[in-house]
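Contents: one structure, followed by commentary.
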Amino acid sequence: MRIFLSYAREDALIAEEVFQALTIENHKVFFDPTAVDRSNPPNERIREEVKQADLFIAIVSSHVEGDGRYVHSELKLAKDKWPTRPETVRPSRWRRSLI
């Protein structure tokens, strides 16, 4: 299965853990923190990766809240691709416990 993994830069360590778990299960996951400039609007590579994905996973944390976050642009691309199939867009809420 092709999976697009969306996350805020501040959640890169969590995203890396999710990426590793999914690839161990033989999924092809788009996760390349150096591949795109997240300060710009979605570029062609992002559009193409979302277009080819079978599933979209967004790591949603307090870092994603608010306007101007790149994850919002990626979520919009996913919702545009699957307007009637919300089960293919999976926001996953993350919160680290402080011990």
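Residue by residue, here is whether (1) of a type in the set (S, T, N, Q); (2) modelled with pLDDT of 85 or more; (3) in contact with a strand residue (DSSP E or B) (Cβ under 9 Å, 6 or more places away or on another chain) holds:
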residue	(1), (2), (3)
Ala15	no, yes, yes
Glu25	no, yes, no
Phe31	no, yes, yes
Glu48	no, yes, no
Leu55	no, yes, yes
Ala58	no, yes, yes
Gly68	no, no, no
His72	no, no, no
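Search the stretch 1-13 for residues being of a type outside the set (Gly, Ala, Ser) and within 20 Å of Lys81 (Cβ to Cβ), and hand back the single one that is modelled with the lowest pLDDT. Taking the candidates together, the pick is Tyr7.
In the stretch 52-70, the residues that are closer than 16 Å to Ala15 by Cα and surrounded by 16 or more Cβ atoms within 10 Å (Cβ to Cβ) reach residues that are modelled with pLDDT under 80 and among the polar types (S, T, N, Q) with C-beta atoms within less than 7 angstrom, at least six apart or across chains, in these pairs: Leu55/Thr88; Phe56/Thr88; Ile57/Ser92; Ala58/Ser92; Ile59/Ser92; Val60/Ser92.
The values are calculated or read from the model by the stated rules, or taken from the named source; none is laboratory data. All figures in this text were calculated on a predicted structure; none of them were measured in a lab. With ideal geometry, Cβ positions are generated from the backbone for all residues, glycine too; neighbour counts draw on all protein chains shown.
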